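Following: one structure in structure tokens, then a few remarks.
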Amino acid sequence: MSPGANPGAGLGLSPLYCFTWSIMDTQKYNGWTNRATWLLNLHFENLDFTDDVESGVFDDMDADGIRCHLASWIQEYVMSYLEESVDLHDCFIQDLIYSTINDVDWHDIADHYVEDIQDAVKERDLVAA
């Protein structure tokens, strides 16, 4: 696409709309990556990883390892919840859900648990010593 071309022309979008959309796409929403991430965290904000800390799941992980592990786990948890709770046979509902889920920044959500997990692992090790 050439510079100055309207990427939304085929969708009937004005150049201003496309420009505004690309700027808004980089802004945070209530401190989160975007609205989808904020909304998902709002409904799944009290995840408990105590059993994983106690069983040693995070023992050999640095902050990035914990973050990636949590992001994957949270995504799987939410997807399982959706499969059990929502009629995904309705194509309209499925499209709405997946268009939002695809925008979620799972690592942003995981970031909010990393420090607490690291502290819990250290505390568990101090108590055990």
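Distance between the 7 Å Cα→Cβ label points at V127 and N46: 2.1 nm.
Summarising the amide proton neighbourhood of Y29: residues at separation of 5 or more, or on other chains, whose placed amide H is nearer than 5 Å comprise N34.
For the listed peptides 56-62, 80-86, 30-36, a ranking on the average number of other beta carbons within 10 Å per residue, highest first, reads 30-36, 56-62, 80-86.
Read-outs throughout are calculated quantities, based only on the coordinates presented, and are distinct from any laboratory measurement. All figures in this text were calculated on a predicted structure; none of them were measured in a lab. As a convention, Cβ positions derive from the backbone with ideal geometry for all residues, glycine included, and neighbour counts pool all protein chains shown.
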